[in-house]
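What follows is one structure encoded as C-alpha cells, with my remarks underneath.
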Amino acid sequence: MTTRQSQPAIVATGLRKSFGDHVVLDGLDLDVRRGTVFSLLGANGAGKTTTVKILSTLLRADAGDASVAGHDLGREPDAVRAAIGVTGQFSAVDNLLTGEENLLLMADLHHLPRGEGRRRTAQLLEQFDLADAGRKPAATYSGGMRRRLDLAMTLVGSPQVIFLDEPTTGLDPRSRRNMWQIVRDLVASGVTIFLTTQYLEEADELADRIAVLDHGRVVAEGTAEELKRRIPGGHVRLRFGDPRSLDAALGVLGQASREADALALRVPSDGSLRSLKTLIGRLDDRAIEVDELSVHTPDLDDVFLALTGNPTNEKVTAR
C-alpha cells in the first residue's frame with residue numbers, strides 16, 4: 001500500500017503553455033521525491049518561472065496534468081495552495097513594515113491565532129538571524145536580509161513544498177552561501193524544495209536531482225554527477241614518481257596521453273567506480289606504482305552548453 005509519505009511531492013505529465021504563438025512549455029514531465037531539492041536549470045526564457053507559476057496555481061497550463069503534495073492541481077487548487085510556499089525572483093517584503101510586522105501580517109493571512117502568530121514570528125526571526133533587526137523597517141535591510149525575510153514569510157504557514165524561483169539572484173557570495181545553508185536545513189526537516197536557478201554552482205551544491213530545461217522541454221535529468229558523466233572530456237590524471245613508472249603505465253594504458261613537463265598521464269574516463277576499478281586493476285597487475293590519482297569530470301557549465309547549445313539571446317550565469 002502506498003503511503004502519503006512515499007508519494008512524490010510533485011508529479012507533472014505533458015505540461016504545455018503558450019503565449020500567443022510563443023511556446024513556453026512543450027510537454028514538460030517532472031517527478032520530484034519528498035524531502036529533496038529538485039533543481040530546474042535553464043537560461044532566461046527557458047520556461048522555469050512559467051513552470052513554477054503553473055505548479056503553484058498562479059497560472060493555468062494549456063494541457064497536461066500535475067499534482068503537488070498529493071493534491072491534483074486542477075481539481076484541488078486550494079489544497080495545493082495550503083501545502084506550498086513560494087519565494088519568487090522579486091521580494092514580497094513590504095518595505096514600510098518592520099520584519100516582525102511582515103511576518104505577523106503573513107500569520108494573519110494564514111489565520112493563525114494571535115498568540116501562535118507571535119510565537120511563530122519570534123521563532124522565524126531567530127531562525128533566520130533577524131531577531132536584532134525584527135523591529136527595524138524592511139527598507140533598511142540589506143539584500144541578503146531581505147531574501148531571508150522573504151523566505152521566512154514563506155515558512156509562516158509551515159509548507160510541505162517550497163518553490164524557490166532564483167532565490168539568490170543579486171546576492172553577494174556570502175549571502176548566497178547563507179541561503180544555501182538555510183535550504184539544507186529546511187530539507188533536513190522534511191521540506192521539499194523546488195529550486196530554479198541560473199547559477200550552475202548553486203544546482204551543483206544543493207540539488208539531489210537536476211533537470212535541464214531547454215525551449216520548454218526537459219533535455220536531461222539526473223544527479224549532478226550523472227549529468228557530468230554524459231559529457232565527453234572526463235579523465236583520470238595519474239602522477240608518477242619516476243619516468244620508468246610513467247613509461248610502463250603508458251605501455252599498459254594505450255589511450256593515455258602524456259602531460260608536457262610533468263610525470264603525469266591523462267586517461268579518458270567517465271569517472272565511474274567501475275572504470276576506476278578497471279584502471280587501478282590494470283596498473284596493479286603490472287605492479288606499477290602511482291604517486292597520485294585524481295578524477296576530473298566536466299562541470300555543469302559543460303553540461304549546460306552541450307545540452308542546450310547556449311542560445312545567444314539567453315544568458316546563463318555560472319558562479
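FYI, it's all coordinate maths here, none of it is from the lab. Quick caveat: nothing in here was measured; it's all calculated off a predicted structure. Here the Cβ is made from the backbone with ideal geometry for all residues, glycine too, and neighbour counts use every protein chain on show.
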**Study point:** Label-zone membership for region 177-197, site GLN7, 7 angstrom Cα→C-beta point, backbone N under 19 Å
**Key:** 190-194
**Study point:** Folded to 0 to 90 degrees: helix 114-127 orientation relative to the chain principal axis, Cα
**Key:** 30 degrees
Revision key, fill the gap. Placing one equal point scatterer on each C-alpha of region 235-296 and summing with Debye, one gets log10 I(q)/I(0) at q = 0.13 Å⁻¹ equal to -0.27
Review point. What does the charge dipole of region 235-296 about its Cα centre add up to, to the nearest 20 debye, if the Cβ of each Lys and Arg holds +1 and the Cβ of each Asp and Glu holds -1?
Key: 240 debye
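Quote the charge dipole size of the chain about the Cα centre in Debye, to the nearest 20; the model charges only the Cβ of Lys and Arg (+1) and of Asp and Glu (-1).
Values: 39 positive and 45 negative charges, 102 e Å.
For the chain, the charge dipole is close to 500 debye.
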Check your understanding: How far is helix 243-252 tilted, in degrees, relative to the longest principal axis of the Cα atoms in the chain, given as a value from 0 to 90 rounded to the nearest 10?
Key -> 80 degrees
Review point. Percentage of Cα-Cα pair distances in the chain greater than 36 Å, rounded to whole percent?
Key: 33 percent
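Can you give the helix-only mean residue ellipticity at 222 nm for the chain, where every DSSP H stretch with n ≥ 4 adds -39500 (n - 2.57) and the sum goes over all residues, rounded to the nearest 500 deg cm²/dmol?
On the way: 11 runs with 114 residues, N = 319.
Using -39500 (n - 2.57) per qualifying helix, the result is -10500 deg cm²/dmol.
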Study note, to complete from the structure: Farthest towards the positive end of the dipole of region 170-319, among VAL267, LEU213, LEU195 and with Cβ unit charges of +1 on Lys and Arg and -1 on Asp and Glu, lies the Cα of LEU213
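How much of the DSSP beta bridge set in the chain is antiparallel, as a percent to the nearest 5? Show your work: numbers first, answer last.
Values: 33 of 51 bridges.
DSSP beta bridges in the chain are roughly 65 percent antiparallel.
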Exercise for review: Kindly provide the trypsin sites (Lys or Arg not before Pro) of region 44-106 that DSSP labels as loop, not H, G, I, E or B, and whose Cβ sees at most 15 other Cβ atoms within 10 Å.
Suggested key: ARG60, ARG75
Point to revise | Given charges at Cβ of Lys, Arg, Asp, Glu: the chain dipole, positive-most of SER158, GLY64, VAL32 | key: SER158
Check your understanding: Using alpha carbons only, how many degrees (0 to 90, rounded to 10) separate the axis of helix 143-155 from the longest principal axis of the chain?
Key -> 70 degrees
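Per-residue counts of other Cβ atoms within 10 Å, averaged by peptide: what ranking do you get for 222-235, 190-203, 137-150, 259-272, highest first? Write out the running numbers ahead of the final one.
Working: 222-235: 17.0, 190-203: 22.1, 137-150: 19.1, 259-272: 14.8.
Most protected by this proxy first, the peptides run 190-203, 137-150, 222-235, 259-272.
How long are the three semi-axes of the equivalent ellipsoid of region 169-238, in whole Å, if each is the root of 5 times an eigenvalue of the C-alpha gyration tensor, listed from largest down? Don't skip to the answer; put the middle values down first.
Numbers: eigenvalues 113, 55, 38 Å².
Output for region 169-238: semi-axes of 24, 17, 14 Å.
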